[in-house]
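The values are calculated or read from the model by the stated rules, or taken from the named source; none is laboratory data. What you are looking at is a predicted structure, and each value in this text was computed from that prediction instead of being measured. Neighbour counts are summed over all protein chains in view; Cβ atoms, including those assigned to glycine, are modelled from backbone coordinates with ideal geometry. For the accessible areas, the whole protein counts, side chains as well, though only heavy atoms, and no ligand, DNA or RNA atoms are used. Shrake-Rupley method; radii C 1.70, N 1.55, O 1.52, S 1.80 Å.
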Amino acid sequence: PLHPKPKPAGVKAEDSTTAVLPERHYFTSINIGNPARPYFLDIDTGSALTWIQCDAPCTNCTKGPHPLYKPAKENIVPPKDSHCQELQGNQDYCDTCKQCDYEIAYADRSSSAGVLARDNMRLITADGERQNMDFVFGYGTTSPITKPVQCSEMGGDVCTLTNCPFCVPSVRCAHDQQGKLLDSPASTDGILGLSNGAMSLPTQLAKQGIISNVFGHCIATDPSSSGYMFLGDDYVPRWGMTWVPVRNGPEDVYSTVVQKVNYGGQELNVREQAGKLTQVIFDSGSSYTYFPHEIYTSLIASLEAASPGFARDESDQTLPFCMKPNFPVRSVDDVKQLFKPLLLHFSKTWFVIPRTFAIAPENYLIISDKGNVCLGVLDGTEIGHSSTIVIGDVSLRGKLVAYDNDENQIGWAQSGCTRPQKASRVPFFLSRALRSQLL
């Protein structure tokens, strides 16, 4: 099951001079260790590495919902391990070090740093059986390093600072936390990496022969409701899905290209830049959807022109663009009929069948505490995506989205996301052949 993260208490937009974006990440529960212990992790299709907060000295750290993870010495992944070399590339490592360090940065300028560990993960199969697997993940804390610590403070002989100078700047389990991840662990314990990288959970499961390299999620439209995610292709519908190819690139993200973006029947100013189509990234780790600046400003102009009874309210700092209606509004249901869907048009199948990702008004509009109608689509230049569309949680709701790393494609279908349903039991090899022929 997926669960929406609760709204942070004590934060009011009107008390701030800058916009306070209401984060809406979704998390699931993963059981790790022996004996297995639950950890709440934000699902993130935009990163490969899973990490959990570690048990080490830390100043200004938030307390998560569960006890901090503390690995045994034998769980530490050595630098020569294939997972470590996959993570760190071909850079030189210290022969005398006994740990593999990681550091990961996110688009909101938050970061996590720590050490890789290998431990037991318990899974529940589609048939209700329990299955254990070895899982490599990071344990650490967030934000940049502020000071090194002695290994004894980390609860074990992880490295020896006297004979391993390389390890000195790499011991990252005692420092202040900064960035938005400082708030995130208040209700979760870390991040669940689901991208197509080698370190992601689906890829590790597939390499062990437990699943095909496919997974998906279904986030309910109602932000107070939940949804679900699944690993493997048992819950991918055999029919009714719209599929688009994933682009190969240096980053471990689910990226494709879009030909144009419409607000209803009106085309927003999306044009090929330097002969390239507009890139689209599906990122469940992002609360909001981001458009390139040109498309974003065109969308705002279209909304203002289509809503003469609404006035822009710059005093509402919930989101960058909010409008005050001339009638009381309690939910998106009160205004969604006044707005049009956002339509992302992809290349046609066989040059005939259209492929469109439709974002209904209820999946891009948010009602603020002031009763204003706010736009849940933001300017991509704020996170360094000046020419890329990022589809975040707010626009992924109400759809079953499947990520097929075997066939290198992403698919979606409308869904109520109430409960997962097994697809018709067509033999695995036959369903692949049929799907390929249809595409």
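A compact table of results
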| read-out | value |
| --- | --- |
| Selection within the stretch 393-403 - modelled with pLDDT under 95 and among the basic types (Lys, Arg) | 397 |
| Sole exception among (1) at pLDDT 95 or above; (2) within 15 Å of residue 303 (Cβ to Cβ); (3) acidic (Asp, Glu) for residue 406, by number | (2) |
| Residue check for residue 304: buried (at least 20 other Cβ atoms within 10 Å of the Cβ), outside any loop (DSSP other than H, G, I, E, B) and not hydrophobic (A, V, I, L, M, F, W, C) | no |
| Single residue of the stretch 100-118 satisfying the filter (in contact (Cβ under 8 Å) with a residue 60 or more places away in the chain and surrounded by fewer than 22 Cβ atoms within 10 Å (Cβ to Cβ)) that is farthest from the chain's Cα centre (by Cα) | 103 |
| Those residues of the stretch 374-392 which are touching a Pro at 6+ places or on another chain (Cβ under 6 Å) and at pLDDT 90 or above, in sequence order | 380 |
| 1 or more residues open to solvent by 40 Å² or more (accessible area, probe 1.4 Å) and modelled with pLDDT of 85 or more: qualifying strands (runs of 3 or more DSSP E) within the stretch 19-85 | 26-32, 37-44 |
| In the stretch 329-340, the residues that are in contact with a Gly (Cβ under 7 Å, 6 or more places away or on another chain) and either open to solvent by less than 30 Å² (accessible area, probe 1.4 Å) or of a type outside the set (Lys, Arg) (or both) | 329 |
| Pick from the stretch 311-328, criterion open to solvent by less than 30 Å² (accessible area, probe 1.4 Å) and not charged (D, E, K, R), ranking: farthest from the chain's Cα centre (by Cα) | 325 |
| Check on residue 378, among the hydrophobic types (A, V, I, L, M, F, W, C), under 15 Å from residue 289 (Cβ atoms) and either out of contact with any Gly (no Cβ under 8 Å at 6 or more places or on another chain) or open to solvent by 40 Å² or more (accessible area, probe 1.4 Å) (or both) | yes |
| Filter result (at pLDDT below 90, closer than 16 Å to residue 211 by Cβ and not β-branched (Val, Ile, Thr)) within the stretch 88-127 | 126, 127 |
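Here is a yes/no grid of residues against (1) in the same structural domain as residue 357 (by the TED database); (2) in contact with a Gly (Cβ under 6 Å, 6 or more places away or on another chain); (3) under 25 Å from residue 88 (Cβ atoms):
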residue: 196; (1), (2), (3): no, no, yes
residue: 203; (1), (2), (3): no, no, yes
residue: 220; (1), (2), (3): no, yes, no
residue: 226; (1), (2), (3): no, no, no
residue: 231; (1), (2), (3): no, no, no
residue: 237; (1), (2), (3): no, no, no
